[in-house]
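Every number in this text was worked out from the coordinates using simple rules, so none of it is lab data. Bear in mind the structure is a predicted one, so any value in this text is a computation, not a measurement. Cβ atoms come from the backbone with ideal geometry, glycine included; neighbour counts cover every protein chain shown.
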Number of protein chains: 2
Amino acid sequence: MALTFWYDFSSSYSYLAAMRIEAVAEKAKVQVVWQPFLLGPIFIDAGYNGSPNLMAPAKAAYMWTDIARRAAHRGHPFKEPTPFPQKSVLAARAALALPARDRPAFSRAAFMRIFAKGENIAEAAVVAAAIAEAGLDPEVVLAAAGKPEVKAALRESVETAKSLGIFGAPTFVTTDEALFWGDDRLEDALAWEKTGSLPAGG
Amino acid sequence: MALTFWYDFSSSYSYLAAMRIEAVAEKAKVQVVWQPFLLGPIFIDAGYNGSPNLMAPAKAAYMWTDIARRAAHRGHPFKEPTPFPQKSVLAARAALALPARDRPAFSRAAFMRIFAKGENIAEAAVVAAAIAEAGLDPEVVLAAAGKPEVKAALRESVETAKSLGIFGAPTFVTTDEALFWGDDRLEDALAWEKTGSLPAGG
């Protein structure tokens, strides 16, 4: 059994999910496939003018309050990043250039750079630091991230996301292609993958 | 202790919350204040072109899937209403015309007309049927709903919602004016009202 975790490094709720998904999935005995993609092209296709979370000042203010109190409650650090949103294409390519086993550690390190330290993942130096924190060689991984086949893999990831009906991040997709959108649906997605049903008491 | 439940009759997730809030809040020993308002003027102020849930076909499709599976899981009926969204101003005025003790029963009946029977709450006959189902006199309540002071109360409700930073529905507001947006944040809101913190395990 496996759940695919679709995430964009510039997505604040993807950060919340990235920090807890391995522990929660392990408890549920479900494997996690880490699948980076880009929301930007999907928002453009949908006709959005940027992130829907930022369209209204009240909604953006709520998002940061909600993220901060949930991160604090879980014991995860949080710092509102500047700028926001950020260009996540280089980080997504770096993640896709890695073998599956190295993706979670790099991805968590990259998310921490953005949402715990407030840094800008659009900068190659920040991506390089996250690669090093994952115990990998920044020069090697960044070179791989620039290869045409990795760029093509990211474009294909976006196309696959669209074909699955993904419109936001994080989205959890079960083996039977049921979608669960949002960090707060992680438990639902795991229960669905295991039992084909929502969890008891939900 | 009391939690204010801000809802719009045309909001699908407000339906999910309305059907369970009394049972969940009673278990938590928290009282519920039912506060109808209108999302329309708030969406216009925010510059939205209609409901953000309907902006992209993929997002709208997900919303109905999500609502249907959550309703089914809780044993609540669900039927996708036509049209959607609906003009909820008459129903909101009727709810505000009622004394607080009668609001929950009428509101649940109105939500059921829309999201369990697929009817259009913009029609006075549908509002009248919900009033009757709540054991009240449709003629009396509809006459009260048309009074200038009730219309003014609804406008004031919208202004209060804006001043609290409400941008969607349902929104749960605690005594200390913390906002929790979405049916899936009801447990968080109740825990916050009781303890000033999110629930254990969240």
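Results, tabulated for the structure shown:
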item: Packing-based exposure ordering (other Cβ within 10 Å, fewest first) of B:Leu154, A:Leu164, B:Leu39; result: A:Leu164, B:Leu154, B:Leu39
item: Label 7 Å beyond Cα on the Cβ vector: B:Asn120 copy-to-copy distances, nm; result: 5.1
item: Mean Cα-pair separation over length for the stretch B:71-135, i.e. relative contact order, pairs under 8 Å, 6 or more apart, %; result: 40 percent
item: Rel. contact order, % - alpha carbon contacts under 8 angstrom, at least six apart, the stretch A:2-195; result: 31 percent
item: Length gained when the stretch A:Ala72-A:Ala153 is fully extended (0.36 nm per residue, less Cα-Cα span); result: 25.7 nm
item: Theoretical FRET efficiency, 1/(1+(r/R0)^6), r = Cβ-Cβ of B:Ala125 and B:Ala100, R0 35 Å, to 0.05; result: 0.85
item: Lysine pair number, Cα distance threshold 29 Å (strictly under), the stretch B:2-195, separation 8 or more or different chains; result: 20
item: Burial ordering of B:Phe111, B:Phe37, fewest other beta-carbon atoms within 10 Å first; result: B:Phe111, B:Phe37
item: Semi-axes of the equivalent ellipsoid for the protein assembly as shown, Cα gyration tensor, largest first, Å; result: 42, 20, 20
item: Other copies of B:Ala60: label-to-label distances in nm, shortest first, labels 7 Å along the beta-carbon direction; result: 2.7
item: HN-Hα J in Hz across the stretch A:138-147 - Karplus 6.51, -1.76, 1.60, θ = phi - 60°, x for Gly and Pro; result: x, 4, 5, 5, 5, 5, 5, 5, x, 6
item: Debye, to nearest 20: dipole size of the protein assembly as shown, +1 on Lys, Arg Cβ, -1 on Asp, Glu Cβ; result: 160 debye
item: Global form of the stretch A:1-118, assessed from the alpha-carbon gyration tensor, a/c cut-off 1.5; result: oblate
item: Selection from B:Val158, B:Leu96, B:Ala129, by position along the positive dipole direction of the stretch B:84-165 (Cβ); result: B:Val158
item: Label point at B:Ala60 placed 7 Å out along Cα→Cβ; residues across the stretch A:40-54 whose backbone nitrogen lies under 15 Å; result: A:46-48
item: Among A:Ala110, A:Ala124, A:Ala61, residue whose mean-square fluctuation peaks in a GNM of chain A (springs only between Cα atoms under 10 Å); result: A:Ala61
item: Distance in nm between pseudo-label sites at A:Ser197 and B:Glu22 (7 Å out along the Cβ direction from Cα); result: 2.7 nm
item: FRET efficiency for A:Lys87 and A:Leu164, using Cβ-Cβ distance with R0 set to 25 Å, rounded to 0.05; result: 0.60
item: Only Lys, Arg (+1) and Asp, Glu (-1) charged, at Cβ; the stretch A:2-195 dipole about Cα centre in debye; result: 320 debye
